[in-house]
1. Working from the alpha-carbon coordinates of the stretch 39-109, get Rg over Rh, Rh being the Kirkwood radius.
2. How many percent of DSSP beta bridges within the stretch 121-245 run antiparallel, rounded to 5?
3. Could you list Trp159, Trp37 so that the one with the fewest beta carbons within 10 Å of its beta carbon is first and the one with the most is last?
4. Which value in Å is the Kirkwood Rh of the stretch 162-245 over different Cα pairs?
5. Full extension from Ala143 to Ala67: what is 0.36 nm times the residue separation minus their Cα-Cα distance, to one decimal in nm?
6. Would any residue of the stretch 8-42 have its amide N under 15 Å from a label point 7 Å out along Cα→Cβ of Glu230? List them or say none.
7. What is the spread of the Cα atoms of the stretch 1-159 along each of their three principal axes, largest first, in whole Å?
8. I want to verify a result. In a Gaussian network model of the chain, Cα cutoff 10 Å, which of these has the top mean-square fluctuation: Val14, Val64, Val94?
Amino acid sequence: MNLLDQVSPFDPIVILTGAGISKESGLATFRDPDGIWAKHKIEDVATPQAFAHNPNAVLDFYNVRRAQMNDADLRPNDAHRALGALEEFWPGEVLLVTQNIDNLHARGGSQNLIHMHGELAKTRCNDCDEIIEGLGNLTTDMACPGCSAVGTLRPHVVWFGEMPLQMDRITSALSNCRLFMSIGTSGNVYPAAGFVQEARSRGAMTIELNLEKSLSASAFYEGRYGPATETVTGFVGDLKSRAAE
Ligand code: APR
């Protein structure tokens, strides 16, 4: 049975994205051979313990990534833009849940967007939870503009061992959606890696669009494999035809 035949234009869609969708914009993934975790140890830069023991190393790691967001050559690619367009033309609700902390989905036109692992473009105070917008360098001698504590400012990103953001809203959308799409994620990190099972157990159609089969590949109804700029534009094109029927 064709997946698209099971989806009606007013059906709610939930999309999960990961680092693979931003790869063709020039941002490294995490677990590919040239990925970020091949060059840095998670426990040195992406845990609350790392920030407590060596805040400079953690801030340096994220300062480099924040600076990338300011690079004039960094742009959303055709896959980001296709998801932005999908939200416009699809008659049903489209919710985009991204694990990515870059800003390329918003720049690609997506508005109904949850950054479940936080955002590079935001800073949070570890003491008072004040959130500050901006991509400037963070240093340990900075004072929080909310509570004046010094050394408490950190990137507003979810580290290993911390709870992803807006899980209630995500869980509710997963249980109501009729189509779940997973794009550019390896399926290594929970809870995101379990979303396909949640959506499927509530009767949603499920499709994986990835460069290669992810760890969760067997849980999907359909898989299309190749670069996101091709698979995502192709599948969103199919949804556009479906919406026009
Ligand atoms: N198009 C589509 N998929 C691609 C492309 C591409 N051009 N290039 C790579 N991929 C795929 C890889 O094959 C891999 O399956 O994207 C996936 C990226 O996987 P990861 O590097 O593990 O990234 P992700 O799944 O987003 O990681 C999840 O782990 O470290 C944490 O917090 C970090 O949010 C991140 C989480």
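1. 1.13
2. Beta bridges within the stretch 121-245, antiparallel portion: roughly 45 percent.
3. Trp37, Trp159
4. 13.5
5. Answer, rounded to one decimal: 25.3 nm.
6. Under cut-off, by backbone N: 24.
7. Sorted from largest, the Cα extents of the stretch 1-159 read 57, 37, 30 Å.
8. So, out of Val14, Val64, Val94, the one fluctuating most is Val64.
Coordinate-derived values only; no laboratory data. Treat the numbers as computed from the prediction; the structure is a model and nothing was measured. We place every Cβ from the backbone using ideal geometry, glycine too, and count neighbours over all the protein chains shown.
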